[in-house]
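> First, the structure itself, so that you have it in front of you.
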Amino acid sequence: MTSKQRNILILSITGIIFIALFALALYASYIPLNDEYTVGNTPGNLNNNGYFCEYDGRVYFANAYDNYSLYSMNPDETDIKKLHDGSSSHICAGGDYLYYAMANAGGGSDLGSVRGSYGIYRSKLNGKNVTGMDRCHVVTMQLCGNYLYYEKLDASSSVSLEKIKINKKDKETVNPNAIINPNCYVNGTIYYNGTDQDHYLYALNTSNDTTSVVWRGNIWNPIYQDGYVYYMDVENNYRLCRYSMFNDMVEVLTNDRIDLFNVYGGYIYYQVNSKTEPALKRMLTDGSSQELIREGDYQNINITSQYVYFNSFRESTPVYRTSTFGPVNVTTFDAGMQAALEELQ
């Protein structure tokens with residue numbers, strides 16, 4: 001082989017290696033798009049800070065026993081794995097990825113430049129390949145098809161509705177002024193209550209980001225399920241009601257004043273606001289079969305297919321849980337505590 005032939009061969013091999021590395025980099029950065037009706041988490045969970053998210057046979061959760069670090073487990077609380085550090089919330093899942101808000105991120109080479117940061121992040125379902133999507137303070141967030149819609153809080157405490165595509169492109173402000181909760185996403189539409197001049201039920205069409213009035217009620221935190229919108233009745237002491245989208249009728253489910261609630265399957269779990277008898281309760285979605293879960297003030301009601309998780313007001317631990325559909329039996333989330341203790345060893 002002549003010197004010229006040798007140089008040509010070396011250049012050819014170098015070129016092939018460069019092209020292969022370039023193609024590999026492109027493949028590694030490619031984010032497959034979701035179905036446009038993909039929903040990241042239930043609106044009820046996200047209205048309760050989105051600390052638990054069940055997706056494709058796994059539950060992804062912010063473990064309060066480990067500073068809300070991101071973990072995963074089976075729905076029956078077996079096979080618990082820590083994904084990474086950093087206080088996580090508003091967890092969403094779709095396709096091969098997790099999306100979540102984070103504060104005080106830290107630890108692990110995968111976090112890279114996001115260490116000690118905050119904002120919205122994307123990772124693989126196993127917690128690897130963490131990518132910062134937007135460095136901001138998040139009020140709440142939902143995965144709506146191929147976009148993350150989120151309420152962004154700026155330095156002046158002003159809130160705007162933003163969106164960004166899951167591949168980190170097409171970031172834009174949807175509404176720079178209005179407070180629009182994006183958590184209730186159904187078939188291409190975000191249902192939300194007004195907060196400025198009224199508390200009507202509104203719909204935001206995500207195909208063009210236009211809004212329209214659905215119903216001139218006086219509502220808070222709407223959750224859509226099976227043709228009904230469940231909501232807190234602002235005008236009547238925040239009692240829990242549901243509005244039928246089919247026949248334009250309202251049903252009062254309980255006259256108790258409600259602090260927060262979550263709807264899952266055929267059940268509603270709700271916190272009763274009372275100076276003398278505060279309690280977490282549940283009932284069927286038609287308002288029947290009301291049951292006491294536990295006396296006291298509770299928050300962060302997150303529901304999976306097997307358990308309902310919650311904690312006392314202003315106390316992150318212990319985390320309590322009871323069966324979602326079975327008889328009421330409140331115990332502590334010991335599996336989460338044990339997993340956190342093992343991480344500290």
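None of the figures in this text is laboratory data; all of them are computed from the coordinates on show. Since the structure is predicted, the reported quantities are computational estimates derived from the model, not experimental observations. Counting neighbours? That spans all protein chains shown, and the Cβs are built from the backbone with ideal geometry, glycine included.
> Would you work out which of 129, 187, 316 lies farthest towards the positive end of the dipole of the stretch 36-344? Charges go on Cβ: Lys and Arg +1, Asp and Glu -1.
Selected residue: 129.
> Could you tell me the center-to-center distance, by alpha carbons, between the stretch 134-180 and the stretch 41-107 in angstrom?
The stretch 134-180 and the stretch 41-107 have Cα centres spaced 20 Å from each other.
> Report, to the nearest 10°, how far helix 334-344 tilts away from the longest principal axis of the Cα atoms in the chain, using its own Cα long axis and a range of 0 to 90°.
Roughly 40 degrees between the two axes.
> Continuing with this model, one more query. From the P(r) of the chain, could you give the percentage of C-alpha pairs in the tail past 28 Å?
On the way: 27475 of 59340 pairs.
Of all Cα-Cα pairs in the chain, 46 percent lie more than 28 Å apart.
> Also, quick follow-up: Quick check for the chain: number of Lys pairs with alpha-carbon distance under 18 Å, counting only pairs 8 or more apart or on different chains?
Taking the Cα cut-off of 18 Å, the pair count is 14.
> Can you tell which of 283, 205, 301 lies farthest toward the positive end of the dipole of the stretch 191-345, using +1 and -1 charges on the Cβ of basic and acidic side chains (Lys, Arg; Asp, Glu)?
Result: 283, furthest along the dipole toward the positive end.
> Also, I was wondering about something else. Which of the trypsin sites (Lys or Arg not before Pro) found in the stretch 166-242 are in a DSSP loop and have at most 12 neighbouring Cβ atoms, other than their own, within 10 Å? It would help to have the intermediate numbers written out before the result.
Values: sites: 168, 169, 171, 216, 239, 242; in loops: 168, 169, 171, 216.
Hits after loop and neighbour filter: 169, 216.
> Follow-up. Which loop-located chymotrypsin sites (Phe, Trp or Tyr not before Pro) does the stretch 286-342 contain, where loop means any DSSP state but H, G, I, E or B and the Cβ has at most 14 other Cβ atoms within 10 Å? Can you show the working numbers first?
On the way: sites: 298, 307, 309, 310, 313, 320, 325, 333; in loops: 313, 325, 333.
For chymotrypsin sites (Phe, Trp or Tyr not before Pro) across the stretch 286-342 that sit outside H, G, I, E and B with at most 14 neighbouring Cβ atoms in 10 Å, the list reads 313, 325.
> Starting with the fewest neighbours, write out 249, 232 ranked by other beta-carbon atoms found within 10 Å of each beta-carbon. All intermediate terms of the calculation are to be shown ahead of the outcome.
On the way: 249 9, 232 23.
Final ranking by Cβ density, sparse to dense: 249, 232.
> Step by step: find N for the stretch 186-230, compute 2.2 N^0.38 Å, then divide the Cα radius of gyration by it. What's the final number? Please list the in-between numbers first.
Details: Rg = 10.2 Å, N = 45, 2.2 N^0.38 = 9.3 Å.
After normalising by residue count via 2.2 N^0.38 Å, the value is 1.09.
> For 263, 252, what's the fewest-to-most ordering of other Cβ within 10 Å of each Cβ? Could the numbers behind the result be given before it?
On the way: 263 23, 252 12.
So the residues, fewest neighbours to most, are 252, 263.
> Run through the stretch 184-273 and list the chymotrypsin sites (Phe, Trp or Tyr not before Pro) located in a DSSP loop whose Cβ has at most 10 other Cβ atoms within 10 Å. Intermediate results must be reported in sequence, preceding the final value.
On the way: sites: 185, 191, 192, 200, 202, 215, 220, 224, 228, 230, 231, 238, 243, 246, 261, 264, 267, 269, 270; in loops: 200, 238, 246.
Filter output for the stretch 184-273: 246.
> Could you tell me how many degrees, from 0 to 90 and to the nearest 10, lie between the Cα long axis of helix 3-29 and the main elongation axis, the longest principal axis, of the Cα atoms of the chain?
Value to nearest ten degrees: 0.
> Cut-off is 10 Å between beta-carbons; in what order do 77, 295 appear when sorted fewest neighbours first? Walk me through the numbers on the way to the answer.
Values: 77 19, 295 12.
Sorted ascending by nearby Cβ count, the order is 295, 77.
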